[in-house]
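Notes follow once the structure below has been shown.
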Amino acid sequence: MKTGVLKPGFLIASPQMRDPHFEKTVVLICQYDEEGALGVVINREGPVSIGAVTREVNVAPPPDADAMAWWGGPVGAGTCFVLWQGQASGAEGWNITEGIAVSQSLERLEQLVQLGTPFHITIGYSGWSAAQLDAEIECGSWLYVEADPKIIFETPVEERYDRALLLLGLTASMVWMQPIDE
C-alpha cells in the first residue's frame, strides 16, 4: 500500500493483535498523508465521564454528562476530540464521511452542548509516523473498511469491534493475520 492512498475510515485490529493498546480496537482514521496518520479509538471507554471533561474546560455539562468519554489512544493523554453527526467547518477538524465529523475545537464542543446535539468525546489519540501505518497494514496488523456512522452513534461500545468486522463480511474467527509484534 502506498502512503496517501488510505482515506478516512475504520482500522480494525487483527484478531491476533496482542498490543495491549490496540487489541480488539476499532480506530477511526481522521487524517492520513505522507507525514503519517492520526485517528481515535471508538470502542474503549475512558477513565472519566463526559461531564468531568466538560467541567475541566469550563463548558456546561450536557444531559448525558454521566456517560463515559472514550479512550482515543495512547498519544496525547490531555488531548480531547469531539465526534458528532454533522459537518466540521473550515479547518476546525475533519469530515470523515457523510455524517461523521471530528474536531478538537472547544468552540465546537460548546456549540454542540448549547444546541443539545449528541456527541462523544475521546481522550488521547492514535498516531503513526510516515509510512508506519502502511507497514503495519502490509504485515497484517490492521484491516481497513469505510467508516459507518451507525457503528459510532448507534452501536454499543462493546459491540463495535464485531460490527466493524461484519462490514467486511467477516467475524473474528474467520480472520487469521500475523500482526507485528509490539
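The values are calculated or read from the model by the stated rules, or taken from the named source; none is laboratory data. All of these numbers come straight from a predicted model, not from anything done at the bench. Here the Cβ positions follow ideal geometry from the backbone for every residue, glycine too, while neighbour counts run over all protein chains shown.
Quick notes
- Qualifying residue in the range 95-104 (condition: touching a helix residue (DSSP H, G or I) at 6+ places or on another chain (Cβ under 7 Å), at pLDDT below 95, within 26 Å of residue 158 (Cβ to Cβ) and assigned to a loop (DSSP other than H, G, I, E, B)): yes
- Scoring residue 16 on the criteria (1) at pLDDT below 95; (2) more than 23 Å from residue 175 (Cα to Cα); (3) among the polar types (S, T, N, Q) leaves a single failure, condition (2).
- Checking residue 137 against (1) of a type in the set (A, V, I, L, M, F, W, C); (2) in contact (Cβ under 8 Å) with a residue 24 or more places away in the chain; (3) more than 16 Å from residue 10 (Cα to Cα), the condition it does not meet: (3)
- Annotation note: of 147, 172, the sole residue that is under 17 Å from residue 24 (Cα atoms) and crowded, with 19+ Cβ neighbours inside 10 Å is 147.
- From the list 135, 77, 101, 69, the one residue that fits, being among the hydrophobic types (A, V, I, L, M, F, W, C), over 29 Å from residue 166 (Cα atoms) and out of contact with any Asp or Glu (no Cβ under 7 Å at 6 or more places or on another chain), is 77.
- Within the range 155-169, considering residues that are of a type outside the set (A, V, I, L, M, F, W, C) and in a helix (DSSP H, G or I), the one surrounded by the fewest Cβ atoms within 10 Å (Cβ to Cβ): 158
- Any chance residue 15 is under 20 Å from residue 106 (Cβ atoms) and either touching a helix residue (DSSP H, G or I) at 6+ places or on another chain (Cβ under 7 Å) or touching a residue at least 12 places away in the same chain (Cβ under 8 Å) (or both): no
- Qualifying position, being within 19 Å of residue 24 (Cα to Cα) and surrounded by 15 or more Cβ atoms within 10 Å (Cβ to Cβ), among 84, 128: 128
- Test set (1) part of a loop (DSSP other than H, G, I, E, B); (2) more than 19 Å from residue 93 (Cα to Cα) - residue 73 fails condition number: (2)
- Residue among 122, 79 that is under 21 Å from residue 155 (Cα atoms), in contact (Cβ under 8 Å) with a residue 12 or more places away in the chain, hydroxyl-bearing (Ser, Thr, Tyr) and out of contact with any Pro (no Cβ under 8 Å at 6 or more places or on another chain): 122
- Residue under evaluation residue 76, criteria (1) more than 30 Å from residue 139 (Cα to Cα); (2) modelled with pLDDT under 95; (3) touching a Gly at 6+ places or on another chain (Cβ under 7 Å), criterion not met: (1)
- Matching residues in the range 121-154 - criterion: being part of a helix (DSSP H, G or I) and either in contact with a helix residue (DSSP H, G or I) (Cβ under 7 Å, 6 or more places away or on another chain) or within 19 Å of residue 178 (Cβ to Cβ) (or both): 132, 133, 134, 135, 136, 137, 138, 151
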